[in-house]
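One structure is given here, and the rest of the page talks about it.
All of the numbers you see were taken from the coordinates with simple rules; none came from a lab. If you're wondering where the values come from, they're calculated on a predicted model, not measured in any experiment. Here the Cβ is made from the backbone with ideal geometry for all residues, glycine too, and neighbour counts use every protein chain on show.
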Amino acid sequence: MILHLCTNDPLVSLVHDLFGANPVRVPDARIRPLSVVVHRRGRSIFRGSLLPLLTDSSPLSVQPSVSQLIDISGRRSRRVNLELGLNILRGFLYGFGLPTATFTTSVQGATTITFSFPTAMRLAYDVNALGWALAGRAIDRTNPAAAILFEQTPYELLLIDSILTSRHLTITFSGAQGQQLNVDINALRQMLGDLGGHASINNDADLEITLASPHDLTFAFSCVRLFFNDEGYITTLPPDLDRRVLNSRNDVSVRYSPDRVMLSKQPGLLIWDRAEQRSKP
């Protein structure tokens with residue numbers, strides 16, 4: 001499922017268009033490079049590491065590069081209304097291990113919310129190096145977890161090649177013009193201080209809350225498709241020259257993307273399909 005967002009959102013557009021990355025509703029430390037996503041008929045399921053699916057599960061002899069994303073760290077999302085903002089916030093708070101009710105009951109008079117990731121980093125593999133490292137490797141057809149890749153209508157095998165992470169999330173609550181927020185700032189500061197976060201009121205009388213996590217939480221990822229033959233040997237890892245978008249109708253749509261598979265036509269937050277039962281092809 002995709003929770004669609006506005007196409008002209010400055011933060012979402014940067015993540016989705018510039019990096020060809022798919023934002024997730026729940027930031028998750030489990031989403032790492034060389035993880036696998038399977039996709040079929042509009043369903044995207046996170047399946048964990050690629051290596052256990054291979055006949056040769058020895059580590060790949062390539063290393064990712066790490067870079068700080070200054071553009072994303074300094075950019076906020078556009079303001080969204082409180083209803084949509086709280087819907088987005090529930091997923092973010094779940095990733096940071098916090099209950100939504102803590103904030104909705106502590107902030108009165110808010111009408112809009114914005115989000116930002118002030119410590120954004122990118123961990124990425126060179127796709128050419130990945131192709132070299134996967135040469136001669138094969139999907140293990142005897143692994144029951146790989147069975148869905150060899151069905152009559154198989155799931156597509158997507159490999160995560162880069163992730164965008166942050167240990168911090170900043171949420172800004174704003175009221176209507178000329179309206180003050182009713183906030184017990186001291187109570188919020190005490191609560192957040194125990195969690196490693198903080199709260200403050202800025203010059204515009206907006207409430208800024210920054211949450212902290214001890215882990216690098218992935219809030220977006222890019223992926224490429226792995227092709228393999230009937231024996232399971234990985235054959236190609238091609239660029240997506242047609243900017244193909246996977247969707248429930250399996251059609252083709254052209255949009256900008258730096259040779260990555262996009263899981264939705266419009267920018268949005270990916271909600272994993274957790275119903276991992278095998279469906280009829």
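A few points about this structure:
- Each listed q (0.11, 0.15, 0.17 Å⁻¹) maps to a log10 I(q)/I(0) for segment 1-127 from the Debye sum over equal C-alpha point scatterers, namely -0.50, -0.89, -1.09.
- Segment 1-61 and segment 126-149: distance between their alpha carbon centers, rounded to Å: 17
- The chain, relative contact order [Cα under 8 Å, separation at least 6], %: 29
- Think of it as helices only: each DSSP H run of n ≥ 4 in the chain is worth -39500 (n - 2.57), and spread over all residues that comes to -4000 deg cm²/dmol at 222 nm.
- Taking packing as the residue-averaged number of other Cβ atoms within 10 angstrom, the listed peptides 15-28, 145-158 run from highest to lowest as 15-28, 145-158.
- Spacing of the two label points (7 Å from each Cα toward its C-beta) at H198 and T111, in nm: 3.0
- Between amide H atoms placed 1.01 Å from N, distances below 5 Å from L217 occur with S166, R167, all of them 5 or more places distant or on a separate chain.
- Per residue, the convex hull spanned by the Cα atoms of the chain measures out at 135 cubic angstrom.
- Sorted fewest first by neighbouring Cβ atoms within 10 angstrom, S58, S73, S222, S264 come out as S58, S73, S264, S222.
- In the chain, the DSSP beta bridges split such that about 95 percent are antiparallel, to the nearest 5.
- Counting only Cα atoms, the size of segment 143-216 along its three principal axes is 60, 30, 19 Å, in decreasing order.
- Just checking the listed ones, G91, G268, G136: in the Gaussian network model of the chain with Cα springs under 10 Å, the one fluctuating most is G136.
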